[in-house]
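Report on the structure given below.
The values are calculated or read from the model by the stated rules, or taken from the named source; none is laboratory data. Computed from a predicted structure; not experimentally measured. Methodologically, a virtual Cβ is constructed for each residue, glycine included, from the backbone with ideal geometry; neighbour enumeration extends over all protein chains shown. The protein model used for the area step is the full one, side chains on, heavy atoms only, and it has no ligands, DNA or RNA in it. Shrake-Rupley method; radii C 1.70, N 1.55, O 1.52, S 1.80 Å.
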Amino acid sequence: CYARKVDAMTGEVVWTTSFSIYTSIGGSVDGGILASPILGKEGTTMEGLIIYTVCSVIKDDGKTTSMLVALDKEDGHVVWQIDLYEDIPDDSGWTPSSPAAVYTEDGRGYIVQCLFKGTIKLIRVDGATTDGATVVDSINVSEELGTDEPNSFEATPAVFGNTIVVGSRSGHFFFLTIG
């Protein structure tokens, strides 16, 4: 799949960045960029970045995962990336949920990313360096509630102040406090 920057006035493709993803012919779910990106806010640690969730990325071992990928908005090169399923064994890595940006008063940027089988991650963005992002907190709502219900997330989380609100496919809404 491809992320592209297109000049809106001319239609010229300014840059293209490609990702190797899993697709199925006549199968159930394909990968790619299924979610809306974040355009980093000026004056913050996300300035100059476009941040995508790319799902079903094919890894070197042939397995798939979802990646949170920051591209430089000027030339499209990959600045940093995080394997969202690195710490979640035996999962296909399909995540259609869009990331949500959260900013502190001093300009530090965070990303809330919801995953398909009930995990919500909070990621601190430290800027446009190769190690520019770190998962600072993670919770699996199903495990936390002690249920086998998957509570899969496809919705984009909404953030109000320090509260995250997101609905799951199981019909539940979750409210989490950042603090």
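Descriptive notes on the structure:
- Residue list for region 64-84, filter: touching a Phe, Trp or Tyr at 6+ places or on another chain (Cβ under 9 Å) and part of a loop (DSSP other than H, G, I, E, B): Glu74, Asp75, Gly76, His77
- Filter result for Pro89 (open to solvent by less than 30 Å² (accessible area, probe 1.4 Å), assigned to a loop (DSSP other than H, G, I, E, B) and within 27 Å of Gly32 (Cβ to Cβ)): no
- Residue among Lys117, Lys41, Lys59 that is open to solvent by 60 Å² or more (accessible area, probe 1.4 Å) and touching a helix residue (DSSP H, G or I) at 6+ places or on another chain (Cβ under 9 Å): Lys117
- Of the criteria (1) open to solvent by 40 Å² or more (accessible area, probe 1.4 Å); (2) in contact with an Asp or Glu (Cβ under 9 Å, 6 or more places away or on another chain); (3) at pLDDT below 90; (4) over 15 Å from Ser66 (Cα atoms), which one Asp148 fails: (2)
- For region 166-179, the candidate set comprises residues that are part of a strand (DSSP E or B) and surrounded by 12 or more Cβ atoms within 10 Å (Cβ to Cβ); within that set, the residue that is nearest to the chain's Cα centre (by Cα) is Val166.
- Residues of region 18-45 that are touching a Phe, Trp or Tyr at 6+ places or on another chain (Cβ under 7 Å) and either part of a strand (DSSP E or B) or modelled with pLDDT under 95 (or both): Ser18, Val29, Gly31, Ile33.
- For Val141, the stated conditions hold: it is of a type in the set (A, V, I, L, M) and farther than 19 Å from Ile51 by Cα.
- Of the strands (runs of 3 or more DSSP E) lying entirely inside region 100-165, those containing at least 2 residues that are within 25 Å of His77 (Cβ to Cβ) are 100-103, 109-114, 119-125, 133-140.
- Among the residues of region 46-56, those identified as touching a Gly at 6+ places or on another chain (Cβ under 9 Å) and either open to solvent by 70 Å² or more (accessible area, probe 1.4 Å) or modelled with pLDDT of 90 or more (or both) are Met46, Glu47, Gly48, Leu49, Ile50, Ile51, Val54, Cys55.
- Thr17 vs. criteria polar (S, T, N, Q), in contact (Cβ under 8 Å) with a residue 24 or more places away in the chain and in contact with an Asp or Glu (Cβ under 8 Å, 6 or more places away or on another chain): no
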